[in-house]
Structure formats: C-alpha cells, structure tokens
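Visitor: Input: one structure, supplied below.
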Amino acid sequence: MLISAQDSVSLRTKCSRNITKKPTHHFMSWFTKFLVSSIGQKFIMSLTGIFLMLFLIVHLLGNLQLLNDDGGDAFNAYTYFMTHNPLIKTISYLLYATILLHAWQGIALWQQNKASRGASRYAVNHVRSNERASRNMAWLGIVIFIFILLHMWQFWFQMKFGTLPAVEVTAYDHPVKDLFTPVAAAFSNMFYVLFYVVSMVVIAFHLWHGFWSSFQTLGLNHKKYTPLIKIVGVAYAVLIPAAFAVIPLVFYFTRA
Amino acid sequence: MSNNMRLTLKIWRQGGKYKGEFVTYKLDNVNEHMSFLEMLDVLNEQLIANREEPVAFEHDCREGICGTCSLVIDGRAHGPMKGTTTCQLHMRHYKDGETIVIEPFRAKAFPVIRDLVVDRSSFDRIIQSGGYVNVNTGQAQDANAIPIEKDQAGEAFDAAACIGCGACVAACPNASAMLFTSAKVSHLALLPQGMVERKKRVLEMVAQMDKEGFGKCSNVTACEAECPKEISVGNIARLNREYIAASLASETTN
C-alpha cells in the first residue's frame with residue numbers, strides 16, 4: 001500500500017516516542033508511488049515508446065528484404081532467423097508485453113486526463129497547427145493498435161501457427177516456411193495496400209509527437225541537443241513510415 | 001477618441017439564477033483605449049443600472065503582475081495577444097461589431113465559484129507543500145554573500161516570473177499543472193538557497209499536484225503558447241528530471 005506524506009509524518013512521530021518500534025521500509029512503497037505518479041506514468045509511456053521506436057527500425061530492415069527481386073529468398077531466410085533465434089524470441093516476448101503496456105498505460109492516462117479536464121467543456125477551442133498530433137495521440141494509438149492486431153493475425157499468426165508451404169532458401173540447408181507468398185498476395189490487393197499506407201500515415205503522426213515527447217518526459221532536454229532531437233524526430237517520423245509504405249506500393253505497381 | 005465600438009459579448013454565467021449557461025450582452029459605447037477589464041466594468045455598470053446581477057470576474061493589480069485576472073477569451077486563456085494577461089489586453093485589438101465569447105478557466109481542479117471566477121486554491125496548496133526555502137533567523141545576510149552565476153540566476157528568474165494565474169491549466173487539453181509546478185520547482189532548484197529541500201520539494205509538490213486532480217502532461221505545449229509570462233516547457237523537462245532523480249535515487253524510502 002502507499003503511504004501518504006501525513007502517514008509517514010505520524011509514523012516518524014510515533015517512532016520518536018517509542019524507539020522499540022522501527023519504521024518498515026518496503027521497496028514497493030517508493031517504487032509504486034513513483035510508477036502511479038503523473039510523471040511515473042509518463043515515464044512508462046516514454047520508455048516503452050522508445051523501445052517500440054527501436055523495434056520499428058529492426059522491423060523495417062527485415063521488410064526491406066522484400067525489395068530484393070529474388071522471389072522471397074532473402075525474406076524467407078530472414079523470417080526463419082527471426083522465429084528461431086533464441087535471443088530474438090526472448091526479445092519478441094518483451095516486445096508483445098511492451099506493446100500491451102504502452103497501449104494500456106496510454107488509455108489509462110487518456111481517461112485520467114479526460115477526468116481532470118472536467119465535465120464542462122470550452123465552447124470555443126483554439127488548436128494550434130503544431131498541436132494536432134499531440135492532442136490526438138490516443139486516437140492515433142487506437143488506430144495503430146487495430147493495425148497491429150490485423151497485421152499479427154495476417155502474418156505473425158500464419159508464420160507461427162499457420163500451415164505455410166516449405167521452400168528452399170540459399171541461407172539454410174533445409175526448407176523454411178514460405179511467408180513471402182502470402183505477403184506478396186496481400187500486397188497485390190488494392191484495399192490492403194491502401195489500408196497499409198493509411199496506417200503508416202497514422203503512425204507517422206504518432207511518431208511526430210512521440211519521438212521528441214519521449215525525451216522531454218525523461219527530462220532529457222538540453223540547449224545543445226534538443227534542437228537536434230527535434231530534427232531527428234521529424235526525420236524519423238517521416239522516413240520510417242515512408243520506407244514501410246514504399247514496399248507494398250512497389251509490389252502493387254511493379255510486381256502485381 | 002473613438003467611443004463608438006459596438007460589441008456582442010457571450011458570457012458564461014453560473015450561480016444565482018443562472019445554472020451555467022452563456023448569456024448574450026450588447027455593448028454600444030466601447031472605447032478602443034479601454035482595457036478588456038475596463039470594458040467588463042462598463043458592462044457591469046450597465047447591468048447594475050438595469051438592476052441586473054453584474055458579471056463576477058477576478059482582477060487586482062491590472063498591470064500583469066499579480067496573476068489574479070483569468071478568463072478564456074474566444075478559446076484562448078488571457079485572450080489573443082502573446083505574453084500578456086487579460087488586464088493588459090486592450091480593446092484596440094477588436095473591431096466594431098465583433099462577437100467575443102468569454103468563459104472561465106475550466107478544469108476539475110479549478111471549480112467555478114461564480115460566473116467567470118474559479119477557485120485556484122489548489123495552486124496555493126502546491127506551493128505550501130514545498131515551494132519554500134528554510135533560512136536561519138537573525139540578521140539579514142549580505143546581499144552578495146552567496147555568489148550565483150549570471151546565466152543561472154537569469155534562468156531561475158525566468159522561472160520565477162510565473163505569476164500563478166493558471167492559464168497553463170486552462171490551455172492544457174489535459175488540465176495539467178506541470179508548467180506551473182515546474183516553474184516553481186525550477187526557480188528554487190536552480191539557486192543555492194533551494195538546495196536543502198531540493199529532493200523533498202519536488203517529491204511533495206508533484207504529490208500535491210496529483211492529489212489536486214490536475215491532469216498528466218502529454219507535451220502538447222499549449223501552456224507555453226498561452227502563458228502570459230512565456231514560461232518555457234524546458235522547465236517541465238527539468239521537473240521530470242528532478243522528480244525521476246529524487247524518486248529513484250534519493251535516500252527517501254517511504
């Protein structure tokens with residue numbers, strides 16, 4: 001349980017009167033107090049967000065294998081590696097937990113903030129153009145979460161539990177699951193490509209605010225480095241989703 | 001001197017016979033040299049002459065330093081001008097025939113007392129929880145006894161410029177008081193006089209801020225844009241830094 005400031009004061013007063021009773025200090029008291037505080041909750045959002053941003057780079061490097069015009073040889077070798085390397089598998093479970101924690105904490109903050117704003121709303125709202133992403137992080141996040149669910153059902157579930165045919169790849173001396181064929185099929189569907197590209201735009205807006213914001217929440221601002229963080233953040237938010245979106249567009253327009 | 005500006009005012013009325021609603025008033029003789037609060041004074045004189053209840057609004061120094069005036073004017077805390085309070089806003093920024101919507105600061109931690117007056121005592125309780133320094137009694141010491149580097153003193157002064165008006169809370173989509181609390185924590189954390197209570201201060205002020213029901217900062221920065229004293233969100237990063245360090249690295253275990 002949490003101990004309030006008043007409780008701890010009375011605890012100290014009691015102890016000074018009766019020295020046989022010593023105050024008990026639990027690891028959980030100060031640590032949970034930190035995690036449920038306003039800044040602690042944001043700290044969770046920031047750390048999970050940074051981990052997810054690092055993951056996106058790794059994910060993109062894998063997806064770029066699809067652009068090799070080799071009938072999926074490099075991509076299938078990559079998917080086999082990602083699903084069989086013990087270190088990668090361990091990190092992948094951490095990743096699933098991180099996505100859920102980021103989403104759950106984000107929704108919790110959204111609800112708390114709505115309660116703090118109160119029941120009565122402004123009749124006139126002034127929204128600056130640079131606040132459009134930051135004011136809508138929860139909505140953008142919900143769209144991204146739906147995208148992730150569909151994405152995992154379509155590719156991750158097929159890879160893990162589906163019955164994909166086996167193919168030979170040059171990197172291994174045994175056949176591996178052929179994930180390339182369902183990916184290529186999905187990328188030849190106009191509606192799927194459209195859904196994918198729109199989702200990448202949504203992710204771009206989420207990252208546009210999220211990158212800088214994660215540094216700000218950790219208190220990492222500095223006259224010398226903050227301008228650089230902001231520039232890198234904008235570049236990251238534009239280039240990473242753009243690179244993801246290019247792959248289905250290339251498939252749809254050049255290989256279908 | 002032009003004395004003939006006509007305005008339509010949509011003002012939030014709450015308390016007495018008003019349940020919490022906008023009431024429209026017409027004002028025919030607004031002078032462009034009036035301040036916004038003087039314009040409201042003229043309205044109230046007109047209401048009193050008509051035996052109507054005047055509009056309750058807060059004001060004190062009327063020169064932008066006390067932090068008493070408030071109001072959200074056309075969706076913006078302290079009105080449309082940058083770096084000014086409502087009392088420093090003048091009617092020359094409005095045109096003849098305009099409609100102005102005037103609302104109170106809205107936040108769960110700032111309940112409306114009447115019309116445009118809100119209870120901002122939650123800010124006082126945040127200050128009481130840690131916004132002070134302990135000094136020994138006795139003879140006042142020499143003014144230059146503690147040397148402080150010029151830039152450091154400047155930064156502390158920029159944070160100390162916060163007048164505690166609450167515009168940051170009013171402008172924030174989350175009704176967060178982080179800009180206010182960060183200014184108060186920064187101003188003392190940057191000075192040698194503030195070092196004694198440095199860790200205790202940030203822990204207790206953030207705890208009180210949370211207890212008052214203010215929202216959680218999501219770095220929208222609307223607070224910085226609306227702050228009449230142009231307090232920087234860099235202070236919020238400092239508050240985060242101070243709080244994370246005090247929580248995770250201080251010897252306080254409860």
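Visitor: Looking at segment B:214-235 only, could you name the residues that are facing chain A (nearest Cβ under 7 Å), part of a helix (DSSP H, G or I) and of a type in the set (A, V, I, L, M, F, W, C)?
Guide: Result: B:ALA222, B:ALA225.
Visitor: When you scan segment B:177-199, how many residues do you find that are more than 10 Å from chain A (Cβ to nearest Cβ) and assigned to a helix (DSSP H, G or I)? Explain how you work it out, then say what you get.
Guide: Looking only at segment B:177-199, we keep the residues that are more than 10 Å from chain A (Cβ to nearest Cβ), and these are B:179-180, B:182-199.
Then keep just the ones that are assigned to a helix (DSSP H, G or I); that gives B:179-180, B:182-189, B:192-194, B:198-199.
Of the residues in that region, 15 qualify.
To keep it simple, each residue is scored yes or no on (1) surrounded by fewer than 16 Cβ atoms within 10 Å (Cβ to Cβ); (2) outside the structural domain of B:MET205 (by TED's automatic domain parsing); (3) modelled with pLDDT under 95; (4) within 17 Å of B:CYS227 (Cβ to Cβ).
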site: B:ALA56; (1), (2), (3), (4): no, yes, no, no
site: B:CYS69; (1), (2), (3), (4): no, yes, no, yes
site: B:ARG76; (1), (2), (3), (4): no, yes, no, yes
site: B:MET81; (1), (2), (3), (4): no, yes, no, yes
site: B:PHE110; (1), (2), (3), (4): no, yes, no, yes
site: B:ARG114; (1), (2), (3), (4): no, yes, no, no
site: B:ASN134; (1), (2), (3), (4): yes, no, yes, no
site: B:ALA143; (1), (2), (3), (4): yes, no, yes, no
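Visitor: Still on this structure: Could you figure out which of (1) closer than 16 Å to A:LEU54 by Cβ; (2) surrounded by fewer than 20 Cβ atoms within 10 Å (Cβ to Cβ); (3) among the hydroxyl-bearing types (Ser, Thr, Tyr) isn't true of A:SER214?
Guide: Only one criterion in (1) closer than 16 Å to A:LEU54 by Cβ; (2) surrounded by fewer than 20 Cβ atoms within 10 Å (Cβ to Cβ); (3) among the hydroxyl-bearing types (Ser, Thr, Tyr) is unmet by A:SER214, namely (2).
Visitor: Same structure, new question: Inspect segment B:44-54 for any residue being touching a residue at least 60 places away in the same chain (Cβ under 8 Å) and not in a helix (DSSP H, G or I) and give the result as yes or no.
Guide: From segment B:44-54, those touching a residue at least 60 places away in the same chain (Cβ under 8 Å) are none; that's our starting set.
So far as segment B:44-54 goes, no, none of its residues is touching a residue at least 60 places away in the same chain (Cβ under 8 Å) and not in a helix (DSSP H, G or I).
Visitor: Being closer than 14 Å to B:VAL55 by Cβ and not aliphatic (A, V, I, L, M) is the filter; apply it to segment B:1-19 and report the residue that is modelled with the lowest pLDDT.
Guide: B:GLY16
Visitor: Evaluate the following for B:ILE126: is it at pLDDT 95 or above, assigned to a strand (DSSP E or B), surrounded by 15 or more Cβ atoms within 10 Å (Cβ to Cβ) and within 14 Å of chain A (Cβ to nearest Cβ)?
Guide: Numbers: at pLDDT 95 or above: yes; assigned to a strand (DSSP E or B): no; surrounded by 15 or more Cβ atoms within 10 Å (Cβ to Cβ): yes; within 14 Å of chain A (Cβ to nearest Cβ): yes.
Considered against the rule, which asks whether it is at pLDDT 95 or above, assigned to a strand (DSSP E or B), surrounded by 15 or more Cβ atoms within 10 Å (Cβ to Cβ) and within 14 Å of chain A (Cβ to nearest Cβ), B:ILE126 comes out as no.
Visitor: Show the residue pairs meeting these rules: Cβ distance below 9 Å; 6+ apart or different chains; first residue within segment A:60-74 and more than 18 Å from A:PHE244 (Cβ to Cβ); second residue in a loop (DSSP other than H, G, I, E, B) and among the small types (Gly, Ala, Ser).
Guide: Going by the 9 Å Cβ cut-off, the qualifying pairs are A:ASP73/A:ALA171.
Visitor: For segment A:206-255, enumerate the residues that are within 14 Å of chain B (Cβ to nearest Cβ), within 24 Å of A:LEU194 (Cα to Cα) and of a type in the set (Phe, Trp, Tyr).
Guide: Correct list: A:TRP208 only.
The values are calculated or read from the model by the stated rules, or taken from the named source; none is laboratory data. A quick note: this is a predicted structure, and the numbers were derived from the prediction, not measured. Because the Cβ atoms are built from the backbone with ideal geometry, glycine has one as well, and the counts that use them run over all protein chains shown.
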